[in-house]
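A short worksheet on the structure shown next.
The values are calculated or read from the model by the stated rules, or taken from the named source; none is laboratory data. None of these values were measured; they are calculated from a predicted model. With ideal geometry, Cβ positions are generated from the backbone for all residues, glycine too; neighbour counts draw on all protein chains shown.
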């Protein structure tokens, strides 16, 4: 369950953030900088402040104890937008203009030109998002009640009986080790792209 939820959130978050970053980095329109500043300012709001408003919204939509409650509120990622925009600013406009001169649509330019160029940044950000969602406990604890919808952090909270002391600590520690393996494997497989994406974005920023 946890791997599906984390994978879907990671993919959708990257797609939404990449499309928004492309618009903010490579298109000129009134209010572009102000809109970007709003996204950056939202990163200064502690996520704990948004729990009650998000819960009320999810409840009003009838999404409590459903996949929608886990997925929809987690898709917008302001930091992913900021990170990808900074990376796209490093791409020269000369790499995009030929496509526009040939009559390619903006979605075609985004898919065929932009996404391949920002691959290292997407890999870097995917690891951050994946790790955050894989270890997410508070939000699933608030909106999930059914056992079959529990994520791994929620399941791990049921492994320790608060009245049994350290009786099940070994099981809990073993489970923690096993749940960290997927993230370690992802980092090992994509280490080069991760480092490259961080380096280029930091230089441009």
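Computed values, structure above
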{"read-out": "Qualifying residue in segment 86-103 (condition: surrounded by 13 or more Cβ atoms within 10 Å (Cβ to Cβ), within 17 Å of the chain's Cα centre (by Cα) and modelled with pLDDT under 90)", "value": "yes"}
{"read-out": "Residue 187 being part of a helix (DSSP H, G or I) and modelled with pLDDT of 85 or more", "value": "no"}
{"read-out": "Enumeration of residues in segment 72-81 that are in contact with a helix residue (DSSP H, G or I) (Cβ under 6 Å, 6 or more places away or on another chain) and in a helix (DSSP H, G or I)", "value": "73, 74, 78, 80, 81"}
{"read-out": "Inter-residue pairs, beta-carbon under 8 Å, first farther than 21 Å from residue 121 by Cβ and in segment 88-106, second at pLDDT 85 or above and in a helix (DSSP H, G or I), 6+ apart", "value": "100/109; 104/112"}
{"read-out": "Residue match in segment 191-202 (condition: at pLDDT below 90, surrounded by fewer than 16 Cβ atoms within 10 Å (Cβ to Cβ) and closer than 15 Å to residue 6 by Cα)", "value": "no"}
{"read-out": "Test result for residue 76, buried (at least 16 other Cβ atoms within 10 Å of the Cβ), at pLDDT 90 or above and over 18 Å from residue 28 (Cα atoms)", "value": "no"}
{"read-out": "Helices (runs of 4 or more DSSP H) fully within segment 1-71 counting 2 or more residues that are without any contact (Cβ under 8 Å) to a residue 24 or more places away in the chain", "value": "2-26, 32-42, 51-60"}
